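The values are calculated or read from the model by the stated rules, or taken from the named source; none is laboratory data. Since the model is a prediction, treat every value here as computed from it, not as a measurement. All Cβ positions, even for glycine, are placed from backbone atoms using ideal geometry, and neighbour counts span all protein chains on display.
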Amino acid sequence: MPDLVPPPLSLYVHLPWCVRKCPYCDFNSHAAREPPPFEAYVDALVRDLEHDLPLVWGRTVHSVFFGGGTPSLFPPEAIDRFLQAAAARLRLAPDAEITLEANPGTAEHGRFDGYRAAGVNRISFGIQSFDDGCLRRLGRIHDSREAEAAVKLAQDAGFDNLNLDLMYALPGQDLAMAERDLERAFALQPAHISHYQLTLEPNTVFHVRPPEGLPDEDLAWDIQERCQALLEQAGYAQYETSAYARPGRQCAHNLNYWRYGDYLGIGAGAHGKITLGAEQAILRRWKQRHPATWMAAAGSAAAVGGDDRIDPERRPFEFMLNALRLHEGFAVAAFEARTGLPYAAIAAQVEQAVARGWLERDGGRIRPTALGRRFANDVIGLFL
C-alpha cells in the first residue's frame, strides 16, 4: 500500500448570515433579522481555529476562502482581525490566494479598499444574472445596475482577480437572455466566471414549490452548449465542470478541493478534510450548523458536529467525485499519494470507462473525454 502523503492545505471560513435567504439556496445560511454579532463571531472563529490547530501543526496554508452566507456583510475590520489572528497561528504562504464572496446588494463604497488592505486579493461576486426579471424570480436583493456598480467598485479598489457567478436555465430564461448575461459579464472583464445550471436542491423553497417557466432539458442543454462556446471565444478556458478562467486565473482554492487536497473548515456548519500522515488516515470534520449553537461551543469539542474517518473502500469514489470534475483529470501518482491506495484499486473501473469512451489515458495521467464530461455522473458512479 502506498503511503498517504498530506496534500496542499487550504482554510475555509464560513460566515453564515445573509440579508435574505434565496429560494434556491441549500447552503448553511441564515437571514439576519438584526445586525449580526460580527465581533463575537470573529472571536468564536479564532477559538474554533485554535481547537483544530493540532490537526495541521507545521503545515502551510496556500489559500483562504470566506464563504457564506454573505461574507461581504462583515465589515473589513472584522475580516482584517481574523486574518491577523490566523496569520499568528498558521503558516500562510506569502502568495496565498484569499477570496471573499460578495453580494452586489451589500457592496458599499470604501469597503473593497478595506478588504484589500486586510489581505483579501480575490473577490467572488454572486451575480447570478444581469436580467432584472430573472433576478426578481430568483429572490435576489440586487438588480443588474447594482451588480455592475459593485464589480466596478472592486476594480477601482485595485482588485483584478474577480470571479462572477452566473446561473443559467433560470425561470423565464431563453437562449438569447443567457447570451446577454455573458455579454454583460464579458464587458466587465473578470478574470474568472463560474457558470452553472440552476438546480432545485432538497430543503429549498424552489424544491417544494418549483418556479414557473423553467427551461426544459433540451433548452437547458442548448443554453449550456452555446454559452460554453461563447466563453471559449471570449478567452475563458473551461477547466472544471462549471468554472472558466483567463490563463493563470483558475481558482486555487477550488482546485485544491477538486484535486483532493486538504482543507480546514471553521465556522458554523463548516466542513473540513484533513490527511493525518502519522496515522495514515483521512478525517472529515464538520461543525455545528446553527450560528448561536456553534458560537456558544466554539473552542471546544462540543462545536464539532461530527468526525468521520474515510476508510480505504470509500476513498476511490471520494477522489473521483472531485478529480473527474477537472478537464486535466488526475495523475496516477497523485491518486496513490492522496488515497494511500495502489492504482490496482481503480484499474478495472478505469478500463471500463476507457472502453466506453468516457476516460482517456495519457502517460501517467487519466482525464475525462468530452463524452465523459457529458456523462460525468455515470463515470463517477463506476467507482462507488
Check the stretch 73-91 and report whether any residue there is assigned to a loop (DSSP other than H, G, I, E, B) and aliphatic (A, V, I, L, M).
yes
The one condition in (1) at pLDDT below 95; (2) in contact with a strand residue (DSSP E or B) (Cβ under 7 Å, 6 or more places away or on another chain) that ASP143 fails to fulfil:
(2)
List the helices (runs of 4 or more DSSP H) that sit entirely inside the stretch 279-384 and contain at least 2 residues that are under 22 Å from the mean Cα position of the chain (by Cα) and among the basic types (Lys, Arg).
370-374
